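Scroll down for the structure; my scribbles are underneath it.
Quick note: the coordinates plus some simple rules give every number you see, no bench work behind them. All values reported here derive from a predicted model rather than from experimental measurement. Neighbour counts run over all protein chains shown; Cβ positions are idealised from the backbone, glycine included.
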Amino acid sequence: MEAKAQARFQRVTPMKARRIVDVVRGKGAEEAVDTLRFAPQAAAETVRKVVESAVANARVIADRDGERFDAASLRIVEAYVDEGPTMKRFRPRAQGRAARILKRTSHITVVVSDDSEAPAGAGNKGGTN
């Protein structure tokens, strides 16, 4: 069984969110939630919520299909951060100039599965080919 959760348009830069996602990728879902709960980075709270949502989605899928659900057996098989739209803002500078400020957003995706192997077709979703 496999379940997926996404948080889109999150106001955290993709580079900062990737640092957190790289820590929990491949871990058990409960262990990842515990790790993220005490991580000092601000993006850890958002990633934790996405992991908890993926576990909840797995519970709903198991209930729907009449399967046995064990949260302790869930592992994070796929986790990646894609870049969302960038908001462009301007800040006044000296002598009438303006400096551009880029407020970046992220799309965070987490896939949990109770299988020990990665799902079919799971590749490096965040990279370019």
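Structure notes:
- Enumeration of residues in region 88-120 that are surrounded by 12 or more Cβ atoms within 10 Å (Cβ to Cβ) and over 19 Å from Val51 (Cβ atoms): Arg104, Thr105
- Condition check for Ala79: surrounded by 17 or more Cβ atoms within 10 Å (Cβ to Cβ), within 15 Å of the chain's Cα centre (by Cα) and among the hydrophobic types (A, V, I, L, M, F, W, C): yes
- Search result, residues across region 23-34 that are surrounded by fewer than 18 Cβ atoms within 10 Å (Cβ to Cβ) and touching a residue at least 12 places away in the same chain (Cβ under 8 Å): Val23, Arg25, Gly26, Lys27, Gly28, Glu30
- Residues (closer than 10 Å to Ala29 by Cα, part of a strand (DSSP E or B) and touching a residue at least 60 places away in the same chain (Cβ under 8 Å)) located in region 44-82: Val77
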